[in-house]
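Novice: First, the structure itself, so that you have it in front of you.
The values are calculated or read from the model by the stated rules, or taken from the named source; none is laboratory data. Please read these numbers as outputs of a predicted model, since none were measured by experiment. Here Cβ is always computed from backbone atoms with ideal geometry, including for glycine, and neighbour counts include all displayed protein chains. Calculation scope for accessible area: heavy atoms of the full protein, side chains included, ligands and nucleic acids excluded. Shrake-Rupley method; radii C 1.70, N 1.55, O 1.52, S 1.80 Å.
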Amino acid sequence: MLDFFKTNDTLIRRIDEPEEGCWIKLTDPSQAEVGYIAEKFEMDIADVRAALDDEESSRISLEDNYTLILVDIPSAEVRNNRRGYTTIPLGILLKEGYLITVCSEETTVLTPFIDRHVRTFSTKKQMRFTYQILYNVCMRYQALLRAIDKKRTELEEGIGEGMKDSDLVDLHELESNLVYFATSLRANGVVLDRLTRYGRLRRYEEDDELLEDVIIENKQAIEMTSIYRDIINGTRELMSSVISNRLNEVMKVLTSITIVMSIPTIISGIWGMNVPVPLAHTAFGFGIICLVTLGICLVTLFLLRKRKML
């Protein structure tokens, strides 16, 4: 999909053809749309398509008449029949008078600009617009990180109520999300560091402060990712400890039952030998032996319960 937008007095409107000072938005574009942009703005088609390759890493490429900024943004996906998160590339192509974004899917990083949720937004101020996009990327990461931690908290609260195998799978998925985020955030940090030395296009006074805010928010997202990974590791260890404790409790009960059940077996084995034994010629011998055996079993149960083996 190929869309053109331009702001006029801070109000964004859709236009039919690209104009100087506009924003060109490519979302899951066709080969024809990619070719059109590459030819019209004299760009390498590989650079225009770079963001459509999931294996592309964050980077900045400075060409003769344009600049490519490639960053990773968070995206929702379904893994193991569960909703999870991964990262996909977002390409920002800067050419004098034009800003082009390329992404393989519609993203909440860019929709706030179209929905007029971003103040002091202008498609004509390319560097500020770029920094605002990067700021939204950081905010999206932080929002999803808080959602991941909330899900972890729910799993942790349910440990005492009866843990399921699916809880372990859910915890693993959360940890996988954080691995993707940590890798992408570090790569984005390298790009932001390079942007501090980037001066090809004109900046406005507020741009440097905005870039500093983006760098701070990206570092905060990295720190949040590290903290939440440590917490998830702690939750995993807690789950392992609970599982081990429950297994020990089961083994204690089974051991106690085995001890109690072995008493009748031993007594019946002794009285079943083909040799003279007490009560062999008594009419009530069998009943007496059964009562004595029952008494010994009850005493054994009492002692085991007193030692908290049952």
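Novice: Give me the orientation-averaged projected area of the Cα convex hull of the stretch 164-310, in nm², one decimal.
Specialist: Approximately 15.5 nm², given one-decimal rounding.
Novice: Over the chain, with every protein chain in place, what whole percent of the accessible area is carbon and sulfur at 1.4 Å, could you tell me?
Specialist: 54 percent
Novice: Test of the criteria: in the stretch 50-143, which trypsin sites (Lys or Arg not before Pro) are in a DSSP loop and have at most 14 other Cβ atoms within 10 angstrom of their Cβ?
Specialist: Arg116, Arg119
Novice: Using Stokes-Einstein with the Kirkwood hydrodynamic radius over Cα pairs, what translational diffusion coefficient do you get for the chain at 25 °C and a viscosity of 0.890 mPa s, in µm²/s rounded to a whole number?
Specialist: The diffusion coefficient I find is 100 µm²/s.
Novice: How large is the dipole of the chain about the Cα centre if only Lys and Arg carry +1 and Asp and Glu carry -1, each at its Cβ, rounded to the nearest 20 debye? Intermediate values should be presented prior to the final figure.
Specialist: Working: 37 positive and 47 negative charges, 419 e Å.
The calculated dipole for the chain is roughly 2020 debye.
Novice: Also, quick follow-up: Which GluC sites (Glu not before Pro) in the stretch 112-167 sit in a loop by DSSP (not H, G, I, E or B) and have at most 13 other Cβ atoms within 10 Å of their own Cβ? Walk me through the numbers on the way to the answer.
Specialist: Numbers: sites: Glu154, Glu156, Glu157, Glu161; in loops: Glu161.
Within the stretch 112-167, the qualifying GluC sites (Glu not before Pro) (loop, at most 13 other Cβ atoms within 10 Å) are Glu161.
Novice: Where the eigenvalues come from the Cα gyration tensor of the stretch 126-188, what are the semi-axes √(5λ) of the equivalent ellipsoid, largest first, in whole Å?
Specialist: Largest first, the stretch 126-188 gives 33, 12, 6 Å.
Novice: Write out the GluC sites (Glu not before Pro) in the stretch 10-119 meeting two conditions: DSSP loop, and at most 14 other Cβ atoms within 10 Å of their Cβ.
Specialist: Passing sites in the stretch 10-119 are Glu19, Glu20, Glu42, Glu55, Glu63, Glu96, Glu105, Glu106.
Novice: How much mean residue ellipticity at 222 nm does the chain get from its helices, if each DSSP H run of length 4 or more adds -39500 (n - 2.57) and you divide by all residues, to the nearest 500 deg cm²/dmol?
Specialist: -19500 deg cm²/dmol
Novice: With every protein chain kept in place and ligands, DNA and RNA left out, what is the accessible area per residue of the stretch 170-245? Probe 1.4 Å, answer in Å².
Specialist: Heavy-atom accessible area per residue stands at 55 Å².
Novice: Classify the stretch 32-73 as rounded, prolate or oblate, taking a ≥ b ≥ c as the square roots of the eigenvalues of its Cα gyration tensor: rounded when a/c is under 1.5, otherwise prolate if a/b is larger than b/c and oblate if not. Intermediate values should be presented prior to the final figure.
Specialist: Details: a/c = 2.83, a/b = 1.34, b/c = 2.12.
It comes out oblate by the Cα gyration axes.
Novice: Let me ask something additional. When all C-alpha to C-alpha distances in the stretch 13-145 are sorted into bins of 10 Å, what percent of pairs does each bin hold, rounded to whole numbers?
Specialist: 11, 44, 35, 9, 1
Novice: Per residue and in Å³, how big is the convex hull formed by the alpha-carbon atoms of the stretch 1-91?
Specialist: Looking at the stretch 1-91, the number lands at 137 Å³ per residue.
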